[in-house]
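Working notes, beginning with the structure itself.
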Amino acid sequence: MARSPARELSVKSIESLSPHMKRVVLTGESLSDFPPDQASAYIKLVFDNPATPEKPLRRSYTVVSSDQHTQQLTIDFAVHPNTRDQGPAARWLEDASIGDPISVSGPGPTKLVDLDADWFVLTGDLTALPAIRANIEILPSHAKGYVILEIPHQDDQQSLALEASSIPEGMEIIWVINPHPGQQKELLKEALANLPRLPGNPYLWAASELNAVLEIRNWANGQSLTPRSSRYISSYWQLGLPDEAHKVQKRERLAEK
């Protein structure tokens, strides 16, 4: 599939949501035809590649919100603690200022739950939080289930824009503290395994570091928790690997078995 032309945007604002999450609002006239209702879809930020200039580096991020009329695109960045070898997106974010240019391609497809499910399980780390938030916002008021969020520090749960008024009363939020993201791959799976089952058929939505979601996938298969048509399981990154190498590992290791 041919890539869509990149949109040339600039930084309108940068906001710290928590110790390990920043929100960036981009703007530009090319957003006037950006498709509506793209929360949970991904876009790609495009960066120069000094090693191979003809092959720019692309990094995927989840759309938080977009507005054709105000020509704004909002993206949340997870800021991993104790990361020595930062990738191009992290380096860009560290130095970004209002007015800085950035090329953006996309969007890709949205990643939303099947609302016909009887109950829901949404789980992931900070990289998945924007998509999890988008899923929470479309749930009906009577929805039941669980939201399991892995965060590096308890302070991260205070200001992550999970407004209590937008969360159905039947959805329980469970916080899992992991100060070393990408390590302790079993944490989310163990939290899932300890959940009481609810009546009916669930929809499982999970995204995190590759080894963590492999644990979730293998557990879900073993428990026959949901059919494959009633789940979304994907890795958004892999500890110790650049995005290009992670994509190879994702294709090889996360393919359904």
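The values are calculated or read from the model by the stated rules, or taken from the named source; none is laboratory data. If you're wondering where the values come from, they're calculated on a predicted model, not measured in any experiment. Methodologically, a virtual Cβ is constructed for each residue, glycine included, from the backbone with ideal geometry; neighbour enumeration extends over all protein chains shown.
Check whether at least one residue in the range 132-147 is of a type in the set (S, T, N, Q), part of a loop (DSSP other than H, G, I, E, B) and more than 30 Å from Ser66 (Cβ to Cβ), and report yes or no.
Restricting attention to the range 132-147, the residues satisfying the condition of being of a type in the set (S, T, N, Q) are 135, 141.
Filter once more, keeping what is part of a loop (DSSP other than H, G, I, E, B): 141.
Next cut, more than 30 Å from Ser66 (Cβ to Cβ) only: none.
No: zero hits.
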Restricted to the range 231-248, and to residues that are outside any loop (DSSP other than H, G, I, E, B) and over 18 Å from the mean Cα position of the chain (by Cα), which residue is nearest to Leu57 (Cα to Cα)?
Ala245
Failed item, numbered, when Gln238 is tested on (1) exposed (fewer than 15 other Cβ atoms within 10 Å of the Cβ); (2) under 23 Å from Ala41 (Cα atoms)
(1)
Restricting attention to the range 181-188, does a residue exist that is of a type in the set (Asp, Glu) and crowded, with 21+ Cβ neighbours inside 10 Å?
no
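Of all residues in the range 108-131, count the ones that are surrounded by fewer than 23 Cβ atoms within 10 Å (Cβ to Cβ) and either closer than 24 Å to Leu198 by Cα or modelled with pLDDT of 95 or more (or both). First the steps, then the outcome.
First, pick out the residues of the range 108-131 that are surrounded by fewer than 23 Cβ atoms within 10 Å (Cβ to Cβ): 108-112, 114-119.
Imposing the further condition that a residue be either closer than 24 Å to Leu198 by Cα or modelled with pLDDT of 95 or more (or both) reduces the set to 111-112, 114-119.
Going through the range 108-131 one residue at a time, the tally reaches 8.
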What number of residues within the range 203-230 are outside any helix (DSSP H, G or I), out of contact with any Ser or Thr (no Cβ under 6 Å at 6 or more places or on another chain) and at pLDDT 95 or above?
3
Would you mind telling me which numbered condition in (1) surrounded by 15 or more Cβ atoms within 10 Å (Cβ to Cβ); (2) in contact (Cβ under 8 Å) with a residue 40 or more places away in the chain Ala90 fails?
(2)
